[in-house]
1. May I have the extent of the alpha carbons of segment A:159-310 along their three principal axes, as whole Å values ordered from largest to smallest?
2. Under the convention of a label 7 Å out along Cα→Cβ, give the distances in nm from residue B:317 to the same position in every other copy, shortest first.
3. On a 0 to 90° scale, report how tilted helix A:400-426 is relative to the longest principal axis of chain A, with both axes built from alpha carbons and the result rounded to the nearest 10.
4. When each copy gets a label point 7 Å from Cα toward the beta-carbon at residue A:12, what are the spacings between them in nm, shortest first?
5. When you count, for each residue, the other Cβ atoms within 10 Å and take the mean per peptide, how do B:182-192, B:26-36 rank with the highest first?
6. Across segment A:293-427, how many lysine pairs, 8 or more positions apart or on different chains, have C-alpha atoms separated by under 29 Å? Please give the number.
7. Can you give me the Rg/Rh ratio for segment B:183-232, using Cα atoms for both radii and the Kirkwood formula for Rh?
8. Averaged over peptide A:32-39, how many Cβ atoms belonging to another chain are found within 10 Å of each residue's Cβ?
Protein chains: 2
Amino acid sequence: MDLTTTDGAALEKSEGQAKERYGDLNRRNLQLDMTRGKPSPEQLDLSEEILTAVGPGEWRGEDGTDYRNYGIVAGIPEAKAFFAAYMDVTPEEIIVGGNSSLTMMYDAMAGAVLFGLPGGDGPWREQTGVKVLCPVPGYDRHFAVCERLGIEMIPVEMTDDGPDMDAVESLVANDPGIKGIWCVPKYSNPTGIVYSDGVTERLAAMETAAADFRIFWDNAYAVHHLGSGPARVMNALATCKAAGNPDRALMFGSTSKMTLAGAGVAMMAASSTNIADATKKISFATIGPDKINQLRHVRFFGDQDGILAHMAKQAALIAPKFAAVEAALEKNLAGKGIATWTSPEGGYFVSVDVVDGCAAEIVRLADEAGVKLTPAGATYPYGRDPRDRNIRLAPTMPSVEEIEQAMEVFCACVELACVRKLKESAA
Amino acid sequence: MDLTTTDGAALEKSEGQAKERYGDLNRRNLQLDMTRGKPSPEQLDLSEEILTAVGPGEWRGEDGTDYRNYGIVAGIPEAKAFFAAYMDVTPEEIIVGGNSSLTMMYDAMAGAVLFGLPGGDGPWREQTGVKVLCPVPGYDRHFAVCERLGIEMIPVEMTDDGPDMDAVESLVANDPGIKGIWCVPKYSNPTGIVYSDGVTERLAAMETAAADFRIFWDNAYAVHHLGSGPARVMNALATCKAAGNPDRALMFGSTSKMTLAGAGVAMMAASSTNIADATKKISFATIGPDKINQLRHVRFFGDQDGILAHMAKQAALIAPKFAAVEAALEKNLAGKGIATWTSPEGGYFVSVDVVDGCAAEIVRLADEAGVKLTPAGATYPYGRDPRDRNIRLAPTMPSVEEIEQAMEVFCACVELACVRKLKESAA
């Protein structure tokens, strides 16, 4: 029954049922958490051997360098070669760093603010009206970086194959203050959308009023599929080069959701001009990354097939969790007209859109019933979802059983809040 | 024979001898490097067991937390407790981070530029005439951070027990643009000087025109003695608290020269106000440090006595190298009036002052003879030693035999360059 087209009496009845169901669930005293995209312990268990991948006496590089000592600011040659292959660039086009790609993205943007970027007119801090485009819904930590650095965010709607490129092209062509765009091109956070070739090509080729415009290409889920192999996304750097804009793409990657989330290796791939610029910036702030941990990663994976084999194991662990989310949504909310949701083929999230004005209330109700959800609005710049309708679910960390319980609560909250809103609107 | 008071003919003879000696050494085709303060392979060998300190299944914290996963931005409780004891602060007064204390210092200063510091009038970037005092000779990477961030550096002379405090007090009292001072309080880089209690107390208590004045207290060599146990330096944080300036000290430490130089753990200790401010800043740029590597360090050392026992082994390895430097300087240059040098009781460097105007030429001559030295001027802001007389020697990395060879060359270069300069002056 589509609740959006039903009559007042039926809504009344639905609200009663939903209230009762919510009350029952509330009395279970659950304590569940679906807030963050964290790998589960079972996923982390897949990488236990990385802890012993570099033992005593095993710390020499291929050229004999002692990786225990200082130096090598842009990453050890083995890691550069290995992750260059992973990112589909040359070893001259990559920096392999510490344990956090968020840090590399923050540093790239903070570096632009403080010192500027190749091709630009100096530090962004000396310019007014600096802005970055933010496809929405998107990743809260990207938005937090911009907000922190005083960079204005302009939301752009996501379509089924990437950001609304008509809007993007029109914005960047006319405003020299628009310096970049955040992109999670594969299994986007939280929508699971995969950028089409057409979108990538338009991003690469579009005219930008800013000479130092950058695509912040956070390919966090490059190989993080749910069992059918990684989706194909064009290489942003190669596409930008082909379009005559070689310095436009900064591509980020990370092993945090491949090996150990807290002890991974992060990387940035870009034109040799951008890499030289970033390397210079980094060299003031460090004498070198943890080279031993880089070596652990190269040895643990062995080769590119090693990555794929490893990620297939990850998929086998998390696919049932996404299936449990999907099943609960189908069973409880299908056909009711109050919610739509994504069915991602990879990544870490399911994105749910509910009746306008209900997301915050649903998160509140769920919290009251012991199920923690990502705060409503988190997927929008400044934490403000203008329609208050998007909720991000993160199914990887809890067990299937916990997800089933949490989703029962979630769906009851969606129904209760939306029915109430519909009643209110009908009145 | 004191060459500075000798006559022209004697100088002529000396130059001839020095030239011949230098020529002989030049023909040996040496390839030696005394540029950077890197630990030797033998020092690194002392920490081989850290590579296996956290094996499979051993990654849980005392409270059961899985340290393989994301989170805990200011460091794991075990590491905070352990390094708080090391830094003589409470666990609430420390952040334990990644592998580089230079990064923490850079971030502290860059964060002040971008966002300001507690007690101040906002971001330094919005203020004019921001300056930092730099005791000289000092550490080139400290100076590079300031130069990079556009912070003007004001050199202050070092005395035998720390910076010239009369000069420091007078400068900071009158110029609100002076925001801080770099200090390496124990076995200072490069002079080996240990700050006296009087100096520390004056730094803590002095009136500063800037409300957000900070002591950047880089205690890099806190336990890095040469065999007689660590020298005592006052705790800057406690001293500042006692003087009524609790937020003045930012104390930095690192295990880079204790365990593995590239894979250590860095820390910042400060008032809880400063720690809260720094934690907030960090939280935009990372989801957490490498907690596994922090755990490795806590387990490897075991307790504070473990640190001391470990550093006694380090001392046993490097003390003979410092002795070889001292012996060569004594043998070749004592009594000649052309050079003075430090005899440090810890740290990583020997500082040599030669006849004014000769340092750059000595480094050039040594390089020509196959001995790489830290560039002349590196120990001064902007790389400019106004008297061109200071040279930093780094004896830890080469073997004793290599040091003996390198020092023979160095001393020959000192003599040749200085005699020539004296001849020139006499003419």
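1. Projected onto its principal axes, the Cα set of segment A:159-310 covers 47, 43, 25 Å.
2. Residue B:317 label point versus its equivalents elsewhere: 3.6 nm.
3. 60 degrees
4. 12.2
5. Numbers: B:182-192: 26.1, B:26-36: 15.4.
Put in order of decreasing packing, that is B:182-192, B:26-36.
6. Number of lysine pairs found: 14.
7. 1.04
8. Values: counts 0, 0, 0, 0, 4, 1, 5, 4.
Mean partner shielding for this stretch: 2.
Only the coordinates and a few stated rules stand behind these numbers; no lab work does. Note that this is a predicted model, so its numbers are computed, not measured. With ideal geometry, Cβ positions are generated from the backbone for all residues, glycine too; neighbour counts draw on all protein chains shown.
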